[in-house]
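To keep things clear, I will list the structure first and then write my remarks on it.
The values are calculated or read from the model by the stated rules, or taken from the named source; none is laboratory data. Remember, predicted model here, so these are calculated numbers, not experimental data. Cβ sites come from the backbone with ideal geometry, for glycine too, and all protein chains shown count toward neighbours. The accessibility values were calculated without ligands, DNA or RNA, using every heavy atom of the protein model including side chains. Shrake-Rupley method; radii C 1.70, N 1.55, O 1.52, S 1.80 Å.
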Amino acid sequence: MQSKSKLAGALLGAALWLAAAAPAAGAAGLTPRQILDHVDDLFRGKSSQGLMTMTVVTKHWQRTLTMQWWSKGKDRSLVRILAPKKEAGTATLRVGNNVWNYLPKVKRVIKLPSSMMSGSWMGSHFTNDDLVKESRMADDYTFKITFQGVRDGREIIEITCRPKPDAAVVWGQVRVVVQAGDYLPLFMRYFDEDLHPARTMYFTNVGDLGGRRLPRTMKMVPQDKPGEYTLVTYQKMRFDLELADSVFSLRSLRD
Amino acid sequence: MSTLVKATDITKDYGQDGVVTHALRGVSLSLQPGEFAAMVGPSGSGKSTLLNIIGGLDRPTSGTVEVDGQRLNDLGKSALGELRRDHIGFIFQSYNLLPVLTARENAEYVLRLQGVPAAERRRRVTEVLAEVGLAGMEDRFPRQLSGGQQQRVAIARAVAPEPALVLADEPTANVDSKTGQSLLDLMLRLNQDKGVTFLFSTHDPAVMQRARRLILLKDGEVAGDGEGLEDIDGV
Amino acid sequence: MNTLRVAWRNLWRNRRRTLVTLAAVSVCTLILTVIYCLMEGLMVGAVANTTNLSLGEVQVYAKGYRHDRSFYKALKDPGAILAAASAAGVGAAPRSYSFGLAALGAKSSGARLWGIDPAAERAAFDLYRHVAQGRFLGDRPEKAVVLGYKLAKSLEARVGSTLVVVVQAADGSLGNDLFKVVGILKSCGAAIDRNAALVHRADFAELLVSGGRIHEVALNSRGRMPLEKLRALAAAAAPGQEVTTWRVIMPAASDMLNVWDSMMWLFGLVFILAAALGLMNTMLMATFERIREFGIIRALGATTWRILADVTGEAMILSLLGTGLGALLGLAVSQYLVVHGLDMSSLAGSYSVGGLTFDPVWRATLSLRSFLEPVLLMFGVCLLASIYPAILAARLDPVRAINRV
Ligand SMILES: Nc1ncnc2c1ncn2[C@@H]1O[C@H](COP(=O)(O)OP(=O)(O)O)[C@@H](O)[C@H]1O
Ligand SMILES: [Mg+2]
């Protein structure tokens with residue numbers, strides 16, 4: 001599950017993590033641990049706020065949601081749907097491992113049971129679990145550089161992570177591929193227990209986000225559903241702003 | 001008249017555990033239709049064995065038997081059965097009725113086996129039972145009859161199908177002498193009136209006296225063959 | 001003086017032995033039929049409890065639906081299946097399924113939504129009678145829900161509670177609505193108890209933007225139609241779609257019934273063999289006692305067939321009387337158990353094994369299978385058992401037989 005935390009961090013931006021300022025990338029010769037931490041910390045801040053669109057494409061339907069989010073510390077976040085109209089106002093609050101949804105149509109807040117944590121979040125190819133995980137890759141996995149050099153015309157570093165025996169993770173292996181030089185992630189591939197690829201998250205569209213140079217688009221592609229994917233694009237992002245604790249309350253979830 | 005029974009050089013050995021008993025040692029015998037012949041001889045002389053072979057119940061070790069023109073040696077088991085059913089009547093020493101059948105049912109048993117229709121069977125059996133002196137006792141079971149009466153039923157059963165030959169193995173051995181006499185009277189009368197051919201074994205002197213032909217068997221051999229006791233040496 | 005009459009007289013020559021044999025065959029037949037009828041009742045009852053509740057004897061799904069339960073794998077022409085069922089006088093209920101989330105206050109739980117046609121359910125199945133509190137769904141959509149009892153418990157829902165139901169709708173949107181709890185089911189088996197939330201199919205279609213997708217048509221003849229015939233009927237009405245039977249859906253239960261069935265035959269065999277051996281012994285003794293008589297009739301020219309017929313004729317009368325008497329008694333006892341049953345409630349209430357539910361009152365079932373088959377088998381095997389003594393009698397050598405006193 002830890003590997004999902006990476007994903008979740010990426011997905012919701014700094015929403016999910018508290019961290020020191022991103023370490024300066026680009027310094028020559030980061031250790032594998034430093035690279036993993038760097039990837040983990042890309043979107044982290046004391047707090048964050050932003051606007052994103054999420055496009056989900058499945059065999060049966062396709063839709064695009066526009067969402068706004070707030071996060072504080074590493075365990076509190078709030079996401080609210082702005083569009084489409086039918087679902088505007090639908091919101092998800094996460095505090096620690098608890099997740100609540102607000103449904104404007106019925107004006108009710110419901111708490112997600114733990115049995116549903118592995119279910120899809122808002123119909124996307126992310127799970128609810130992806131949202132709530134907090135720990136670092138480097139703590140849950142053993143890792144080593146398995147490739148370094150030019151592949152597909154790009155200079156890359158490939159780090160293969162294997163779960164530690166006692167780590168509570170669902171993946172059999174995670175392969176993190178970053179660009180040499182700035183250590184920005186290119187993709188992360190998740191393998192199941194039998195070491196078959198299960199899903200891949202691609203990072204593209206590097207640019208300025210809240211003063212950081214970050215990949216602004218992430219595409220999650222499940223292996224077992226050809227043609228399906230979820231595309232998240234950050235429109236705006238601010239880091240380290242002042243946010244009252246009351247933002248992350250059930251009351252504020254409702255409006 | 002053609003010969004009814006023609007037995008030639010009959011031997012019969014019984015062998016068990018390496019000990020061989022020569023029950024018959026080359027017996028030849030002919031019987032014409034209408035004869036009333038008695039086989040005599042001491043116990044163990046081979047009378048029953050010879051009767052069984054002539055009747056197709058047993059096979060000789062060597063020698064040939066012809067009955068009513070059929071060579072018994074050539075017949076299979078079921079053909080022998082048919083021969084017995086259709087050509088030969090049997091009267092055994094005793095207890096030879098079926099206890100669950102009435103006198104009538106016993107008497108008509110062979111007719112039934114022959115497939116004679118019920119009405120015809122009934123007519124003939126009623127007549128034969130009357131002939132053997134059992135009129136009115138048709139529906140009695142053997143246990144309700146005396147020994148002599150039972151043998152009369154057996155005689156009726158033997159003659160009812162009008163066989164070419166009736167074989168009787170010591171038919172009077174189990175009844176008192178007076179009853180034996182009357183049974184003999186009956187068989188003689190059937191022989192005279194109806195021409196039934198009889199071949200029986202006996203060691204009853206009274207019976208021997210009245211037989212028209214006596215055949216003496218001794219140690220499995222014919223020791224004498226004649227019209228009366230006086231014709232036979234060694235009796 | 002026909003064969004059977006003579007056989008009859010022969011039988012009663014040893015009255016006591018014949019009576020004991022008759023009694024043995026009768027008692028074995030009695031026990032056999034009663035136990036078969038009871039076991040058949042148990043099995044038929046268990047199957048009926050299982051299939052009549054909601055499962056149905058035969059089910060139709062879109063190809064692959066059973067594999068992944070994909071909401072999008074819907075039946076192509078459920079109307080044709082329903083029409084075929086109704087033409088054959090078989091009950092049938094269309095159902096739509098989706099997983100979702102049910103919440104009440106601070107409680108929430110995953111639920112399996114059943115979009116049902118309450119009128120069809122009532123006509124074909126017994127689920128509507130298994131309501132512990134409140135009532136079943138009405139025939140018209142009313143945003144009402146009936147819950148499995150464990151689901152209700154985990155939500156702390158009561159009749160009158162209002163649930164929020166959240167689903168992933170067919171168009172990808174987050175379908176959600178309020179449903180009023182009108183009923184809570186009794187225990188109906190793990191699958192229903194744990195997560196079933198029954199709603200009207202029209203409410204289901206609206207919530208899920210499902211366009212009326214039907215995932216299952218369950219057919220139930222209540223045992224009136226043989227399983228294979230019903231399956232064939234459904235298959236003909238649903239070309240290219242998957243037709244299953246309860247035996248496929250509940251393989252454990254099906255296997256269990258098959259094992260029971262085999263065990264019953266084994267068990268039956270013991271009784272049949274006991275009776276047959278008893279009868280064979282009697283016939284052997286009767287034959288040995290009458291060796292001399294068989295010799296005489298052989299000498300008189302009776303064929304081996306004649307003797308075989310005589311001996312088997314006697315055995316036939318014995319078997320016929322024995323099994324007939326036993327069957328009559330068995331019929332009476334079984335009929336009593338069909339009507340009154342055995343009250344097992346002091347031992348256990350309604351109990352479940354391997355997915356099958358058994359009634360507290362154990363009733364017998366009288367059928368060709370449960371009654372006539374064991375009786376005929378008993379009769380047949382007894383007859384067979386007389387062949388050995390008959391052959392012995394038929395093979396006797398007449399001379400030796402006569403000389404044996
Ligand atoms: N089945 C048999 N097995 C062995 N020996 C036999 C058998 N039947 C008869 N015998 C013997 O054959 C001989 C002739 O017997 P049998 O024909 O019965 O004499 P009879 O009738 O004149 O008294 C006797 O020595 C008898 O012991
Ligand atoms: Mg003798």
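Determine whether B:LEU98 is away from chain C (no Cβ under 13 Å) and within 20 Å of B:GLY148 (Cβ to Cβ). In short, no. Here is the figure for the stretch C:1-40: residues that are over 30 Å from B:PRO117 (Cβ atoms), surrounded by 19 or more Cβ atoms within 10 Å (Cβ to Cβ) and within 14 Å of chain B (Cβ to nearest Cβ) total 1. When C:LEU308, C:LEU320 are checked against the criterion of being open to solvent by 10 Å² or more (accessible area, probe 1.4 Å), touching a helix residue (DSSP H, G or I) at 6+ places or on another chain (Cβ under 6 Å), hydrophobic (A, V, I, L, M, F, W, C) and within 30 Å of B:LEU111 (Cβ to Cβ), a single residue qualifies: C:LEU308.
Each row is one residue, and each column tells you yes or no for (1) modelled with pLDDT of 90 or more; (2) under 24 Å from B:GLU66 (Cα atoms); (3) assigned to a loop (DSSP other than H, G, I, E, B).
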residue	(1), (2), (3)
B:ARG122	yes, no, no
B:GLU127	yes, no, no
B:ARG152	yes, no, no
B:ARG157	yes, yes, no
B:GLY234	no, no, yes
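For the stretch A:132-164, residues that are closer than 16 Å to A:LEU184 by Cβ, over 19 Å from the mean Cα position of the chain (by Cα) and open to solvent by less than 20 Å² (accessible area, probe 1.4 Å) total 3.
The number of residues in the stretch C:254-302 being touching a Gly at 6+ places or on another chain (Cβ under 6 Å) and not in a helix (DSSP H, G or I) comes to 1.
Among the conditions (1) within 16 Å of ligand 2 (Cβ to nearest atom); (2) closer than 21 Å to B:ARG210 by Cα; (3) out of contact with any strand residue (DSSP E or B) (no Cβ under 6 Å at 6 or more places or on another chain), the only one that B:GLN32 does not satisfy is (1).
Among the residues in the stretch B:190-202, are any within 16 Å of ligand 2 (Cβ to nearest atom), surrounded by fewer than 22 Cβ atoms within 10 Å (Cβ to Cβ) and not aromatic (Phe, Trp, Tyr)? There is no residue in the stretch B:190-202 that is within 16 Å of ligand 2 (Cβ to nearest atom), surrounded by fewer than 22 Cβ atoms within 10 Å (Cβ to Cβ) and not aromatic (Phe, Trp, Tyr).
Every residue, every condition in (1) more than 14 Å from chain C (Cβ to nearest Cβ); (2) within 16 Å of ligand 1 (Cβ to nearest atom), yes or no:
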residue: B:LEU134; (1), (2): yes, no
residue: B:VAL166; (1), (2): no, no
residue: B:GLY195; (1), (2): yes, no
residue: B:GLU221; (1), (2): yes, yes
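Of everything in the stretch A:118-127 that's farther than 14 Å from C:PHE99 by Cβ and more than 10 Å from chain C (Cβ to nearest Cβ), which residue is nearest to the chain's Cα centre (by Cα)? Here the answer is A:PHE126. The single condition among (1) within 14 Å of another protein chain (Cβ to nearest Cβ); (2) touching a Ser or Thr at 6+ places or on another chain (Cβ under 8 Å) that C:GLU206 does not satisfy is (2).
Looking at C:SER210, C:SER221, just one residue is within 25 Å of C:ARG140 (Cα to Cα) and either in contact with a Cys (Cβ under 9 Å, 6 or more places away or on another chain) or open to solvent by less than 10 Å² (accessible area, probe 1.4 Å) (or both), and that residue is C:SER210.
Could you tell me whether the stretch C:382-398 includes any residue that is open to solvent by 40 Å² or more (accessible area, probe 1.4 Å), away from ligand 1 (no atom under 16 Å from the Cβ), β-branched (Val, Ile, Thr) and within 40 Å of the chain's Cα centre (by Cα)? Yes, because at least one residue in the stretch C:382-398 is open to solvent by 40 Å² or more (accessible area, probe 1.4 Å), away from ligand 1 (no atom under 16 Å from the Cβ), β-branched (Val, Ile, Thr) and within 40 Å of the chain's Cα centre (by Cα). The requirement of being open to solvent by less than 10 Å² (accessible area, probe 1.4 Å) and free of Cβ contacts under 8 Å to residues at least 24 places away in the same chain is not satisfied by C:GLY295. In this structure, does A:GLY149 turn out to be away from every other protein chain (no Cβ under 11 Å) and without any contact (Cβ under 8 Å) to a residue 12 or more places away in the chain? So A:GLY149 passes the test.
Considering only the stretch C:127-168, state which residues are in contact with a Ser or Thr (Cβ under 7 Å, 6 or more places away or on another chain) and hydrophobic (A, V, I, L, M, F, W, C). The answer is C:LEU127, C:LEU151, C:LEU155, C:VAL167. Applying the set (1) at pLDDT 90 or above; (2) more than 19 Å from A:ASP245 (Cα to Cα) to A:ALA83 leaves exactly one unmet item: (1). Kindly evaluate B:LEU129 against the criterion of being of a type in the set (A, V, I, L, M, F, W, C) and more than 27 Å from B:ASN52 (Cβ to Cβ). Spelling it out, B:LEU129 is indeed of a type in the set (A, V, I, L, M, F, W, C) and more than 27 Å from B:ASN52 (Cβ to Cβ). The residue pairs whose first member lies in the stretch B:1-28 and is more than 9 Å from ligand 1 (Cβ to nearest atom), whose second member is modelled with pLDDT under 95 and aromatic (Phe, Trp, Tyr), and whose beta carbons are closer than 9 Å, counting only pairs six or more residues apart or on different chains, are B:VAL20/B:TYR14.
Quick grid of which residues meet (1) crowded, with 17+ Cβ neighbours inside 10 Å; (2) over 18 Å from B:PHE200 (Cα atoms); (3) away from chain C (no Cβ under 14 Å); (4) away from ligand 2 (no atom under 13 Å from the Cβ):
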{"site": "B:HIS22", "(1), (2), (3), (4)": "no, yes, yes, yes"}
{"site": "B:GLY41", "(1), (2), (3), (4)": "yes, no, yes, no"}
{"site": "B:ASN52", "(1), (2), (3), (4)": "yes, no, no, no"}
{"site": "B:ASP58", "(1), (2), (3), (4)": "yes, no, no, no"}
{"site": "B:SER62", "(1), (2), (3), (4)": "no, yes, yes, yes"}
{"site": "B:VAL67", "(1), (2), (3), (4)": "yes, no, no, yes"}
{"site": "B:PHE92", "(1), (2), (3), (4)": "yes, no, no, no"}
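One residue stands out in the stretch B:3-20 among those that are more than 16 Å from ligand 2 (Cβ to nearest atom) and of a type in the set (Ser, Thr, Tyr): the one that is least open to solvent (accessible area, probe 1.4 Å), namely B:THR11. Yes or no: the stretch C:239-253 includes at least one residue that is in a loop (DSSP other than H, G, I, E, B), touching a strand residue (DSSP E or B) at 6+ places or on another chain (Cβ under 8 Å) and open to solvent by less than 10 Å² (accessible area, probe 1.4 Å). No: zero hits.
In the stretch C:124-197, counting only strands (runs of 3 or more DSSP E) that sit wholly within it, the ones holding 1 or more residues that are within 14 Å of chain A (Cβ to nearest Cβ) and without any contact (Cβ under 8 Å) to a residue 12 or more places away in the chain span C:174-185. In the stretch C:377-405, the residues that are within 14 Å of chain B (Cβ to nearest Cβ) and within 16 Å of ligand 2 (Cβ to nearest atom) reach residues that are assigned to a loop (DSSP other than H, G, I, E, B) and at pLDDT 90 or above with C-beta atoms within less than 6 angstrom, at least six apart or across chains, in these pairs: C:PRO398/B:LEU57; C:VAL399/B:LEU57; C:VAL399/B:ASP58.
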